[in-house]
Each structure stands twice: as structure tokens, then as C-alpha cells.
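Below is one structure, written out as C-alpha cells; comments come after it.
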Amino acid sequence: MRQIPGRLAIAFGMLLLGCTAESTAPDGGGMPPPGGLKAWSNPATWPSGQVPSAGDSVVIPAGLAVRLDTSPPTLHSLTIKGDLVFGDTDLDLTTGWILVEGSLSAGTEANPWPHRALITLTGTPGDPDVSGLGNKLIGVSGRIDLHGQGRGGWTRLDGTAPQGATSITLVRNPGWRVGDRIVVASSEYSQDRAEEAVVTAVNGRTLTLEAGLRREHFGEVVPVNGVQVDERAEVGLLSRNITIRGDTGSTPGYGGHLIVLAGATARIEGVELFQMGQRGKLARYPMHWHMAGDVSGQYFRNNTVWRTFSRCVTVHGSDNATVQDNLCYDHTGHGYFLEDGAETGNLIEGNLGLTSRIPAPADRLLGSDDRPATFWITNPDNTVRDNVAAGSRGFGFWCAFPDAPTGLSVGAPDRPRRTPLREFSGNVAHSNHFGGLHVDDGPLMNGTTTVTNYDPVTDPADPNSAPVLADFTGFRAYKHYGRAVWLRGTYLRLSNAVLADNAIGATFAAYETSVVNSTFIGQSGSIAALPSGTALRGFEFYDGRVWADNVTFINYTAATTVPASALGYNRTNAFPIDPLNYAGGMSFVNATPVYLENPHGDKDGDKSAVFLDQGGAVTGTPGRWVTANTPILLSPGCAYQAAWNAHVCDTRFAKLSVNSAAGEAIAPLTIQRDDAVALDLTGTGNGTAHAALSVLPGRGYGVTWTGATPAQPRFYLNSAAPGDQVTVTLPYAAPPSQVVRDYWAGNPMSAAASLAEFAGSGGDRFFFDATTGRLHLKLVVMADRDWATLFVKP
């Protein structure tokens, strides 16, 4: 985040919390000196001479440091202007709200608090607002230091736990205890297969459970052709010795919330947040840095946030926070949430999230909450490392980059869609309904989303600055009914990935984007096999140029709705593709290399589907093309491969497209090759403004329209080589006034006197045949280019 305009920075500054009181606690975090603490239970501690009683609105004044040595009766409220330190005993603190202007602390980073503490926030939606922060809250403008016991927050199974099992074994001993409540993640395709359990005995890494498991949970590392496929179910700790919770009246969706404001300090670890967040209310989240600016040194780590009513951990208008090693379970809407797109420098590492639920329509804070992401990332200038998204009704990781920051951060100079990716590495996604990693569909100001190209450049303020490669590396994704990875943008790369047991491994609606050094596994042999009625495909070509290089495909032979294959094209595609999409170095183990479905009559992209076998791994010969079963793509140098429903061709392809300068309808149209093979096109995206087709350089194509010929057609030849040429003829009412080549309007082409002169020209002539009423054009690619254009003017 950069400098926020003043009007936005003060939007929540007028919260009447007062100035931050100078705490007697050391700035590095911890408790005030023991000698300076006065006991809560001592009447002499209080200015009134009386210990607070039930229903009181308690104020600890500045300069007073109090040790909470007893559990007070239920309070109306607690305002801490001085210091409140949890004493050396189990404690219950129940109150409507807590405002921390001074400091609230329990333990230190070096000496975690060893006892049991329960902070319960009470209230209803109709209760009065507290200083502009709502109610039922902990609001921090000073310092909060909560350091619970540092037990491991989550791990994985070491051995499959069958249905009915009353014990499980973990890969490590995380220090869990009898009485702890835990959650075991889904190891199936459905996100709803997680289940809770209570520990009744502990023997090293083995836990005995109070009741048998309702489902099987996978716990093996499966070797597949030398690749160690790890689909072991995660197991997380829900119980903590410090708990902040909403009261029993929270179940309709009105829990507590914790908000950290500008100028405050939050260091929270080893804490359980339960029944927190307020359904359908902005800025009422379980844990929330709110417009706090630079929060370097602050952290929320090794905590449990579960059964929440709105989000889990929100970083809003705040930079350089650490969100690390947390468990977020059974939450509503997006989980780990970067709110506006102005949040930068944050570390999101080692977190587990599972069971992300869809809010009711009236409770959705964003339109995108109907596809909740366990990790919602709105700015690429953050570190997202070694996290696990283990079951969402939407996406695991959603990189939803706005063009510019939204919400209260409007006016910040960030340009997320052009910002280089700081780090996205080592993350894992499984059992997510819509997909594992989704880079597309960034937010708009009105809370909805739009198709988004992520195009990182060296200077985000200058869209014309040099592109920067964004590398999504070390990603593992498995058990998705849909696709594991979807990328849209320019200069993106998926590297060192392992994608297993997904209906579709990866699809790139992108340009100059690749998957490299990766493994795709159709079926690993773990439990919960993909249903036979589902397509099974590794990498899908789309848009382009995109490619796969140094990739291994294993076990793509299943009898699914569409024959399983390692490679294919995005299904039922109505959009143009780049004929230079290519397969580089790759290997196939028990895998059909490719299968291309028969084109749909209303999907022009299907009809154009071709890709280059650059390395020869697919066809056996480098430099051949694999083409869809479309007659106009074929030539004598093509051979049909029945198992692929595709042809292998030794001719090159380029892309021919057409639109109109006047916005006239281009589609539908018919293209007929010079050997009378014809094809009907319905238009890009089934629209009328544009159409495209893969073509053979050196051939001629006639274009006709059912209705009137567009007065100002514009033809483009792309993905070609210098010297390539394609002849185009079309009906035209009269000789054009001008034909412009390669955008050079100042030097229009000359008309040829005859068809023979036109045929012998090098792309600098057009010919109008008055006898037939047809216009003859020739697109010729000049030196040092891979494109040519011709624009016709009446």
C-alpha cells in the first residue's frame, strides 16, 4: 500500500477511541514490570475504591497497570487506557466490548501464557454502536499482546484412517492433549467431508478419538512413476488455551470481532477465535487490521479461527503484516482476505484453510462471496508461501487483482494488475469446488468481478514498460472436479507443479504463458477416484501463445465422457486460438498424448484448434502440427490419428482474422479455401464483430457473407513468418478508395491492372474484378515481422 489520501485515512480515525495512551509495557511486547501492577481484586486499585461489579462499564485510566488476578463478573464494557495484564491463574472475562487504548497482554513471545483464559464478547445487533466500530468487539488503538501456548497448529495424517477409526497417527507430534478438539480435512473431491473429533488419549504421534470417524481420510504418500504424490489429509487443532469468542447468542450469525487500527500494535499467537465475525456487516471480521498502514513487526500466527460468520483474517489497507501458521476452519465468505488491493509486503505463510462456505445472498459483502476463496489475494506484491486450501465451496487461491484499489483505498497509486508477483510458492489446494488456483476475475468498485488480465510490468504506473515474468512455483493441486489451475494474463508461468487427480490440470487463457518442469497425473490410485462421467485431461491449450515444456503426463487413459488425454484444447471454445501454441519437451507414461473433440458448429475456436509439436514428443517428429478434425485445416500432408480424433500435419499454420472499422457485423460468414473446402464461422464468442480461423500460408481463401458485405473490412494475419502470404477474396460493390497495408495510411496500396499483375505482386497491390464484383487482397508478412494487415476503405 502507498500513501492513502487524507479523507480515506481518517475515515475510521474518527472513532473516538482517543489518542493512544503511553503504555507502561516495554515497546518490544510483554507485560509491565511486576512491581508496577495492581491487582484487579484489590479495592485500592480502583479510583472508586470498589472492585468492579456485574454490569459495570470499567475504565482503566492511563498510568494505571492492572493485573487481572480473578475472573470478574459479566461487565457491560471495558476500556483500557492504561494496562491490563492477565495474571497467573485461569481466567474468564465476559463483557460487551473492550477498547484497548493502552495495552492488553497475556504472556510474552518468550514466555507464553500457560493458563486457561476465556474472553467472551456479548451483545446483539440492536446494541449501541461503540465509537464507530459497531459492538461486541475488541477494538485496538493501543497494543494487544496475546501469547498462548505454542503448540503445533496443524499437521497431516501418517497412514489412512478408515471409516469408523477411533485413532489416527500424525506425521509429527504437535503437542496435542487429552480433551483437545481437532478437525480432519477432506481427502475426497467434496469440500464438505471434513469432520471434528475430540482427543481422549495421546501416545506420541497417535491420538485416540472419542468417537469413530464418519468417513475415510487418506494418509499415504503414493509413488507414481517416481513422483511422490502427497494427498494426506490435514489435521488441525481447534482448542487453544486462550480463547476469544462470541457468546452463545452468536449462533444466528452475530459474533464478536477484533479490529486493529492505525497506530496500534497487534501481536497475537496461540489463540482460538470462535464464533467471531458478524454476518453481512463490513469491517466486522474475526481478526482485522483496518487501514493501519505499515504494521511491520505485527503478527497473527499459530492461531485457530473457526466457525466464523464472516471471513477469518482480514488485512485491509495495511502493509507488512505477518499471517503465519494459522488454521481457518468452517468460515463464511472469503477466508484469508486482502481487502482492497492496496495491501503490500504482507507475509501469508504456512496457513491452513478448510470448509469455506457461501454466505446467504443478503449476507454477501462482495458479489464474489458466492464463490468463496480460502485465500483471496488482491495485490501480487505479497508473499504467499506454503499455505494449504483444503476444501472451499469456491476456489482455493483466488488472485483477484483490481485495476486500482477499491473500497476505502480508492485513490492509492497501486496498480495490482500490472504489479510484479513478489512470491507465490509451495502452496497446496485440494477438494475445492471451482478450482485450486484462479488468476482472473478481479473486483470492480461495485463489488462484482470482471474478466481480468494479469500483465505484470517493471513499472506498474507505466503499462508500456517491460514485461516481468510472474512465476507461480511449487504448486500442488489435487482432487478437483473442475480444473486445478486457471491463469489469465501475459508472461505468467506455472513451474515445478504437481497436479494430480483433477478433472482438468491447467488451462491458460493467456499470452506468452507456460507450464514448465511439472508433472500431471490423471489418476494416482488414491481413494475417491474421479467419476467416470467426468472429462480427464492434463493441460489444455487456449488463447495463446501458451505452451508446456519439460512436463510429464501420467495415467491419462481412463474411459471418461471424453477420452482421457494428456493434452487437449479448452472445450466448447468460441474464441480464437494461437496456432503457435506448442508442446515442448514432455513424456507420456500410460497416457494418451492428445485428444481433440469434434468441433461444435457454433464454436469457432474448436474449428481452429491446432498446436505445434515443437519437440516431437507428441507426434514423433519435431515441427509437426496436431489439428482438429476440421477439413479446411487439412492438406495432403496430414495423417489422421483415430485414437486422438486429430490429424498430424507437416504444414505450418497462421491465424487469419477479420473485423470492421465501422463496427459492422462480420459474422456469420463463410470461408472457402482455394480447393473449394468451405467452413461457416459464427463469430468470436458467438458475437458478430470479429471472426478468426487458423489458415495455411500460401493458400487462398474466399470470404462471403449471407447479408451485405461490410463496407470497411479489416484483415489480419498473425502468428506467421516473414514471407508468408495468404490471398483473400471477397464480394465488393465497387473499387475501394483505399487499401492500407500494415497500418501505414500514408502510403496506400496501388490497384493492379489485372489479376495476373496482382498474382505476381509482393503484397503491394490489390485487384478489383469488375466482371465478378470481387476484391482480391494479398496479406504478405514483411521482414522482421510475424504479422500483416490490410484495411479496406470504400
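The values are calculated or read from the model by the stated rules, or taken from the named source; none is laboratory data. Computed from a predicted model, the values in this text were never measured in an experiment. So basically every Cβ, Gly included, is an ideal-geometry build from the backbone, and we count neighbours across all protein chains shown. Surface accessibility is based on the protein's heavy atoms, side chains included, excluding ligands, DNA and RNA. Shrake-Rupley method; radii C 1.70, N 1.55, O 1.52, S 1.80 Å.
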* Residue in segment 700-708 that is under 30 Å from Glu512 (Cβ atoms) and in contact with a Ser or Thr (Cβ under 9 Å, 6 or more places away or on another chain) present -> yes
* **Criterion: touching a strand residue (DSSP E or B) at 6+ places or on another chain (Cβ under 8 Å), at pLDDT below 95 and open to solvent by less than 10 Å² (accessible area, probe 1.4 Å) - qualifying residue of Leu530, Leu567, Leu536** => Leu536
* To do: Give the number of residues within segment 144-203 that are closer than 27 Å to Gly107 by Cα, among the charged types (D, E, K, R) and open to solvent by 20 Å² or more (accessible area, probe 1.4 Å).
  => 4
* Can you find even one residue in segment 640-647 that is open to solvent by 40 Å² or more (accessible area, probe 1.4 Å) and modelled with pLDDT under 95? -> no
* Selected residue (criterion: most open to solvent (accessible area, probe 1.4 Å)) from residues of segment 382-402 that are touching a Lys or Arg at 6+ places or on another chain (Cβ under 7 Å) and within 27 Å of Ala185 (Cα to Cα) -> Arg393
* To do: Give just the number: which of (1) part of a loop (DSSP other than H, G, I, E, B); (2) in contact (Cβ under 8 Å) with a residue 60 or more places away in the chain; (3) not aliphatic (A, V, I, L, M) does Ser356 not satisfy?
  => (1)
* For Gly683, which of the numbered conditions (1) crowded, with 19+ Cβ neighbours inside 10 Å; (2) at negative phi fails to hold? -> (2)
* **Among residues of segment 226-243, those that are open to solvent by 10 Å² or more (accessible area, probe 1.4 Å) and part of a strand (DSSP E or B), counted** => 3
* May I ask you to list pairs of residues, at least six apart or on different chains, whose Cβ atoms are under 7 Å apart, with the first in segment 673-692 being touching a residue at least 12 places away in the same chain (Cβ under 8 Å) and over 19 Å from Ala509 (Cβ atoms) and the second being open to solvent by 60 Å² or more (accessible area, probe 1.4 Å) and not in a loop (DSSP other than H, G, I, E, B)? => Val677/Pro631; Ala678/Gln672
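Would segment 521-542 turn up any residue that is farther than 19 Å from Tyr189 by Cα, in a loop (DSSP other than H, G, I, E, B) and under 21 Å from the mean Cα position of the chain (by Cα)?
Of all residues in segment 521-542, those farther than 19 Å from Tyr189 by Cα come to 539-542.
Now restrict to residues that are in a loop (DSSP other than H, G, I, E, B): 542.
Next, from what is left, pick out any that are under 21 Å from the mean Cα position of the chain (by Cα): 542.
Yes, segment 521-542 contains at least one residue that is farther than 19 Å from Tyr189 by Cα, in a loop (DSSP other than H, G, I, E, B) and under 21 Å from the mean Cα position of the chain (by Cα).
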* Determine the pairs where a residue that is under 20 Å from Val227 (Cβ atoms), located within segment 573-590, has a partner that is in a loop (DSSP other than H, G, I, E, B) and among the charged types (D, E, K, R) with Cβ atoms under 8 Å apart, the partner being 6 or more residues away or on another chain. => none
* Of these, Asp602, Asp549, which one is open to solvent by 10 Å² or more (accessible area, probe 1.4 Å), out of contact with any Cys (no Cβ under 8 Å at 6 or more places or on another chain), at pLDDT 95 or above and assigned to a loop (DSSP other than H, G, I, E, B)? -> Asp602
* Restricting attention to segment 52-66, does a residue exist that is without any contact (Cβ under 8 Å) to a residue 40 or more places away in the chain, crowded, with 20+ Cβ neighbours inside 10 Å and in contact with a helix residue (DSSP H, G or I) (Cβ under 8 Å, 6 or more places away or on another chain)? -> yes
* Asked: Is it true that Pro748 is surrounded by 21 or more Cβ atoms within 10 Å (Cβ to Cβ) and not in a strand (DSSP E or B)?
  -> no
* Go through segment 774-794 and give me each residue that's in a loop (DSSP other than H, G, I, E, B) and either among the acidic types (Asp, Glu) or open to solvent by 20 Å² or more (accessible area, probe 1.4 Å) (or both). => Met782, Ala783, Asp784, Arg785, Asp786, Trp787, Pro794
* To do: Select, from Pro114, Pro128, the only residue that is under 18 Å from Ile242 (Cα atoms) and open to solvent by 10 Å² or more (accessible area, probe 1.4 Å).
  => Pro114
* Asked: Any idea which of Gly263, Gly280 is surrounded by fewer than 22 Cβ atoms within 10 Å (Cβ to Cβ) and more than 15 Å from Asp363 (Cβ to Cβ)?
  -> Gly263
* Asked: Restricting attention to segment 698-718, does a residue exist that is under 37 Å from the mean Cα position of the chain (by Cα), hydrophobic (A, V, I, L, M, F, W, C) and part of a loop (DSSP other than H, G, I, E, B)?
  -> no
* Asked: Of the numbered conditions (1) at pLDDT below 95; (2) within 16 Å of the chain's Cα centre (by Cα), Gly489 satisfies every one except a single condition; which is it?
  -> (1)
* Report, by residue number, each residue of segment 303-321 that is assigned to a loop (DSSP other than H, G, I, E, B) and either among the aromatic types (Phe, Trp, Tyr) or buried (at least 24 other Cβ atoms within 10 Å of the Cβ) (or both). => Asn303, Thr308, Phe309, Ser310, Arg311, Cys312, Ala321
* To do: Just one of (1) in contact with an Asp or Glu (Cβ under 6 Å, 6 or more places away or on another chain); (2) closer than 30 Å to Val229 by Cα trips up Thr406, so point out which.
  => (2)
* Taking Val295 as the residue in question, decide whether it is touching a residue at least 40 places away in the same chain (Cβ under 8 Å) and either more than 15 Å from Ile119 (Cα to Cα) or touching a Lys or Arg at 6+ places or on another chain (Cβ under 7 Å) (or both). => no
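Considering only residues of segment 332-381 that are among the β-branched types (Val, Ile, Thr) and closer than 28 Å to Ala233 by Cβ, which is surrounded by the most Cβ atoms within 10 Å (Cβ to Cβ)?
Taking segment 332-381 as the starting set, the residues that turn out to be among the β-branched types (Val, Ile, Thr) are 332, 344, 348, 355, 358, 374, 377-378.
Filter again for closer than 28 Å to Ala233 by Cβ, leaving 332, 348, 355, 358, 374, 377.
Details: Thr332: 27, Ile348: 25, Thr355: 26, Ile358: 17, Thr374: 32, Ile377: 25.
The residue in question is Thr374.
Is it true that Gly280 is among the small types (Gly, Ala, Ser), in a loop (DSSP other than H, G, I, E, B) and more than 20 Å from Asp127 (Cβ to Cβ)?
In short, no.
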* Asked: Hey, any hits in segment 89-107 for a residue that's modelled with pLDDT of 95 or more, within 36 Å of the chain's Cα centre (by Cα), of a type in the set (Val, Ile, Thr) and surrounded by 18 or more Cβ atoms within 10 Å (Cβ to Cβ)?
  -> yes
* Structure fact -> Exactly one of Pro736, Pro722 is surrounded by fewer than 21 Cβ atoms within 10 Å (Cβ to Cβ) and in a loop (DSSP other than H, G, I, E, B), and that one is Pro722
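Every residue, every condition in (1) crowded, with 20+ Cβ neighbours inside 10 Å; (2) among the charged types (D, E, K, R); (3) modelled with pLDDT of 95 or more; (4) not in a strand (DSSP E or B), yes or no:
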{"residue": "Leu656", "(1), (2), (3), (4)": "yes, no, yes, no"}
{"residue": "Asn659", "(1), (2), (3), (4)": "yes, no, yes, no"}
{"residue": "Gly663", "(1), (2), (3), (4)": "no, no, no, yes"}
{"residue": "Ile666", "(1), (2), (3), (4)": "yes, no, yes, yes"}
{"residue": "Gln672", "(1), (2), (3), (4)": "no, no, yes, no"}
{"residue": "Asp675", "(1), (2), (3), (4)": "no, yes, yes, yes"}
{"residue": "Ala692", "(1), (2), (3), (4)": "yes, no, yes, no"}
* Give me a count of the residues in segment 583-636 that are basic (Lys, Arg) and in contact with a Phe, Trp or Tyr (Cβ under 7 Å, 6 or more places away or on another chain). => 0
